[in-house]
Number of protein chains: 2
Amino acid sequence: MQGSVLSGDDRLPKYMRLADSIRTEIALGKRRPGDQIASEAELAMHYDLAPGTVRQAIAILVDERILERQHGKGTFVRHPRFDSSMFRFFRFLGADGLDLEPESRILRRLLLPAPEHVAQALSIDVGADAIFMNRLRLVDSKPVLVEEIWLPLPRFSAFLEIEEREIGPLLYPVYDRECGQIVARAEEYLTAEAAGVEFSSILQIEPSEPVIVIDRIAYAYDDVALEWRRSRGLAKEFNYHASIR
Amino acid sequence: MQGSVLSGDDRLPKYMRLADSIRTEIALGKRRPGDQIASEAELAMHYDLAPGTVRQAIAILVDERILERQHGKGTFVRHPRFDSSMFRFFRFLGADGLDLEPESRILRRLLLPAPEHVAQALSIDVGADAIFMNRLRLVDSKPVLVEEIWLPLPRFSAFLEIEEREIGPLLYPVYDRECGQIVARAEEYLTAEAAGVEFSSILQIEPSEPVIVIDRIAYAYDDVALEWRRSRGLAKEFNYHASIR
DNA sequence: CACCTATACTCCTCTATAGGACTATAGGAG
DNA sequence: CTCCTATAGTCCTATAGAGGAGTATAGGTG
């Protein structure tokens, strides 16, 4: 096929409109992570563009970490891989000095009315029912992280039905497989506080000991908020790194 | 001038070698933040390259936040602006709800033998003398942040001589003006802990109250480590945001 | 004086083309 | 069977050029 025309505002540069068009295809689910997109030559032919213009469009999406180029193979929808990012920050070393894979234990999973800050983040009505899950992460059978997770309905209603043993330590693959929801990006907000009575007993520390609190809102490709999560972990195991310039 | 030849390994693509060449000029101090570099057309002429190749080289440096393009005006060495980044994280609001400019009070400034972690970061000998500075940041006359700062000799020897009143709240401009040292980028490492007796008294809080600890190593354009800094601030005023994908 | 216009310089968009480098596969040589 | 080679498809590098768009300035117009 040849001579197809780019949609969108024609006052915008062609490379932007092509990038928008590919981004939209992904947001609509026509292309999933891992899928190969059309080659640069095909896109150029299809939309009647010069190769350089196509490359410029793709460069934008590579920069946004939506696409990934592989020299000699093709261009692919990137697999977002940050579910375990909490363990970029928390390094738990076993007696042998090697990183340990943390276990997961679900403490509660039920419907509850969403509190205000959650409802706002997930764009649902305050007090509307949502799925609430309470999870404990353990390393060497010692608790290191507690999580409060909120998921909106009806998008995640299937998540209440599935067996607990089907839920591994990584939740985002489960969201994809069981509910068809793909997490594309997230925003994290980080602070610290004293553990307090509730969490000190769960984490088996003193109430005055500091914990890191990470709030995360996860979004789909179309920017719909999918999950609200608050994680608390031992501050002394926590180390975050950032490069700034 | 025309027909100049790119230096560096000629197995590398030309755009990379041009980027390297510009980066090196900046590292050597031939170009300073704010300076305008040669136009794309001039560079293309000078090195006998196609305009697209020059643009590709500049794009790399723009991506690295070393250069900045201004449509219609030119391309400039970017001003690194992150000295106040601590106050991206700590938001101190006055009674009127507006952001407050924090004051600075230097508690100590003297030569001391560098402890191991500092010496390692600054690539100097353990126990070698270095400048140590202890600084307090205040908002509304209330202490909110304590800083320990280490600077290597002989690079910063002028810093010991200058009057305290010449040192404003922002140190990096002082490093530039007084010592000719430009901070180009930094690495930050973040954790939290209980304040402890020493810092609780300085920050006027309880010893058990949590504080955020930010270690920062600042580097020049040529990747020489210029400053080691550890800042401690009230955790409850601290909020860090990150986008991940 | 205030305003407009022409000019020159900058980066930006887009076209068109040629060949190199990397990957994968099919088929033949040994 | 293993190894090599040819081939085709992919992204990557580089060339050359035309015109658009934003910025600044000099000089003319009213």
Neighbours by Cβ (under 8 Å, 6+ apart or cross-chain): first from the stretch A:28-56, modelled with pLDDT under 95; second open to solvent by 50 Å² or more (accessible area, probe 1.4 Å) and of a type in the set (A, V, I, L, M, F, W, C): none
Strands (runs of 3 or more DSSP E) (entirely within the stretch A:117-236) containing at least 1 residues that are within 12 Å of chain B (Cβ to nearest Cβ) and small (Gly, Ala, Ser): A:185-194, A:210-219, A:225-234
Subset of the stretch B:209-245 that is among the aromatic types (Phe, Trp, Tyr) and closer than 16 Å to A:Leu190 by Cβ - its residue that is surrounded by the most Cβ atoms within 10 Å (Cβ to Cβ): B:Phe238
Count of the stretch B:35-68 residues which are within 26 Å of A:Ile244 (Cα to Cα), open to solvent by less than 50 Å² (accessible area, probe 1.4 Å), away from every other protein chain (no Cβ under 14 Å) and more than 11 Å from DNA strand C (Cβ to nearest atom): 1
Residues of the stretch B:40-65 satisfying the condition of being near DNA strand D (Cβ under 9 Å from one of its atoms) and closer than 8 Å to B:Leu18 by Cβ: B:Tyr47, B:Leu49, B:Thr53, B:Val54, B:Ala57
Given (1) away from every other protein chain (no Cβ under 13 Å); (2) without any contact (Cβ under 8 Å) to a residue 12 or more places away in the chain; (3) over 17 Å from the mean Cα position of the chain (by Cα), index of the condition B:Arg245 fails: (1)
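Restricting to the stretch A:69-86, count the residues that are in contact with a Gly (Cβ under 7 Å, 6 or more places away or on another chain) and crowded, with 19+ Cβ neighbours inside 10 Å. Steps first, please.
Initially, the stretch A:69-86 is screened for residues in contact with a Gly (Cβ under 7 Å, 6 or more places away or on another chain), giving A:76-77, A:79.
This time we only want the ones that are crowded, with 19+ Cβ neighbours inside 10 Å, so: A:77.
The number of residues fulfilling the criteria is 1.
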So A:Arg105, is it more than 19 Å from the chain's Cα centre (by Cα), charged (D, E, K, R) and open to solvent by 40 Å² or more (accessible area, probe 1.4 Å): yes
Qualifying residue in the stretch B:164-183 (condition: among the aliphatic types (A, V, I, L, M) and under 29 Å from A:Ile214 (Cα atoms)): no
Options B:Leu145, B:Leu170; residue that is touching a helix residue (DSSP H, G or I) at 6+ places or on another chain (Cβ under 9 Å) and open to solvent by less than 20 Å² (accessible area, probe 1.4 Å): B:Leu145
Options A:Arg11, A:Arg81: the member that is within 16 Å of DNA strand C (Cβ to nearest atom), modelled with pLDDT under 95 and part of a loop (DSSP other than H, G, I, E, B): A:Arg11
The stretch B:14-27 residues that are within 14 Å of chain A (Cβ to nearest Cβ), paired with ones that are of a type in the set (Val, Ile, Thr) and within 15 Å of DNA strand C (Cβ to nearest atom) (beta carbon under 8 Å, 6 or more apart): B:Tyr15/B:Thr53; B:Tyr15/B:Val54; B:Tyr15/B:Ile60; B:Arg23/B:Ile66; B:Ile26/B:Ile66; B:Ile26/B:Val77
B:Gly97 of a type in the set (Gly, Ala, Ser) and modelled with pLDDT of 65 or more: no
Which numbered condition B:Thr75 fails, given (1) more than 30 Å from B:Leu43 (Cβ to Cβ); (2) modelled with pLDDT of 95 or more: (1)
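The values are calculated or read from the model by the stated rules, or taken from the named source; none is laboratory data. Being a predicted model, the structure only gives us computed values, none of them experimental. We place every Cβ from the backbone using ideal geometry, glycine too, and count neighbours over all the protein chains shown. SASA here: full protein model, heavy atoms, side chains in, ligands and nucleic acids out. Shrake-Rupley method; radii C 1.70, N 1.55, O 1.52, S 1.80 Å.
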